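Heads up, the thing below is written out as structure tokens.
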Amino acid sequence: MEYRHQLPFDSNNSRQIITYKDNAGIPFQWSNLSADQQTSLGNSAKLDYLRGKNDTTYRSREHVLGDIINSSPVYVGAPSLIYPNKAPFGDNGARYNDFWNTNKTRKPIVYVGANDGMLHAFRVNADGANAAGSELFAYVPNAIFSKLTHLTDPAYNHEYFVDQTPTVSDAFFNQKHLPPPPPPPKPVGTPC
């Protein structure tokens, strides 16, 4: 599927794009960014361009979706791992098998990284007014903010951004069965 055709220029700023600030996901919108993130981008017009607005002040582009070179699409549908359906893998009613049963019909999504600075999630099937292949959301890693403004430069020379294949897996976290954390270190000069 040609995902780039499913991701049109967005003058309404309606795409669901998130990033990271202060240990939380936030909308990738100017008013939500930290001062450092805003400084890295320079101005809100550059952010709007990165979100998909076609602005002739910046680099000319044929598509909003950046090139995908080293990232391969990863399909995520029903859970596919097999965990033992017994302790220590959860308690009755909270085992992997319960998670599997709850999510076996979840809507499939394709994830792929692109050199537009985003990890993209695309719908596999049509969903109401949303066509198969349309973008569900995108994520901008905080670690690449310092390079994002390069994408707006009319004299841009290709760089790699989110250019690796995502890794997807189900993970089981059960705090009850984890060992207790080690005690904090004693301050220097404290008697034992």
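One table, with the values for the structure above:
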| quantity | calculated |
| --- | --- |
| Pair list, Cβ under 7 Å, 6 or more apart: segment 55-67 residue surrounded by fewer than 19 Cβ atoms within 10 Å (Cβ to Cβ), other residue outside any loop (DSSP other than H, G, I, E, B) and β-branched (Val, Ile, Thr) | 59/152 |
| Qualifying residue in segment 5-15 (condition: part of a helix (DSSP H, G or I) and either among the small types (Gly, Ala, Ser) or in contact with a strand residue (DSSP E or B) (Cβ under 8 Å, 6 or more places away or on another chain) (or both)) | yes |
| Some residue of segment 28-46 being of a type in the set (Ser, Thr, Tyr) and touching a Lys or Arg at 6+ places or on another chain (Cβ under 8 Å) | yes |
| Residues of segment 21-38 that turn out to be surrounded by 12 or more Cβ atoms within 10 Å (Cβ to Cβ) and hydroxyl-bearing (Ser, Thr, Tyr), as a count | 1 |
| Any chance residue 20 is closer than 20 Å to residue 149 by Cα, outside any helix (DSSP H, G or I) and within 17 Å of the chain's Cα centre (by Cα) | yes |
| Residue check for residue 181: surrounded by fewer than 10 Cβ atoms within 10 Å (Cβ to Cβ), over 17 Å from the mean Cα position of the chain (by Cα) and modelled with pLDDT of 95 or more | no |
| Verdict on residue 3 being among the aromatic types (Phe, Trp, Tyr), modelled with pLDDT under 95, within 20 Å of residue 126 (Cα to Cα) and crowded, with 17+ Cβ neighbours inside 10 Å | yes |
| Residue within segment 61-78 that is of a type in the set (Gly, Ala, Ser), within 25 Å of residue 18 (Cα to Cα) and at pLDDT 95 or above present | yes |
| Verdict on residue 167 being in contact with a helix residue (DSSP H, G or I) (Cβ under 7 Å, 6 or more places away or on another chain) and at pLDDT 90 or above | no |
| Residues within segment 150-161 that are part of a loop (DSSP other than H, G, I, E, B) and either among the β-branched types (Val, Ile, Thr) or crowded, with 18+ Cβ neighbours inside 10 Å (or both), tallied | 1 |
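Listed here are the residues, each with its yes/no results for (1) more than 30 Å from residue 22 (Cα to Cα); (2) at pLDDT 95 or above; (3) of a type outside the set (A, V, I, L, M, F, W, C); (4) outside any loop (DSSP other than H, G, I, E, B).
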| position | (1), (2), (3), (4) |
| --- | --- |
| 132 | yes, no, no, no |
| 143 | no, no, no, yes |
| 148 | no, yes, no, yes |
| 163 | no, no, yes, no |
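The values are calculated or read from the model by the stated rules, or taken from the named source; none is laboratory data. Being a predicted model, the structure only gives us computed values, none of them experimental. FYI the Cβ positions are ideal-geometry reconstructions off the backbone, even for glycines, and counts take in every protein chain you see.
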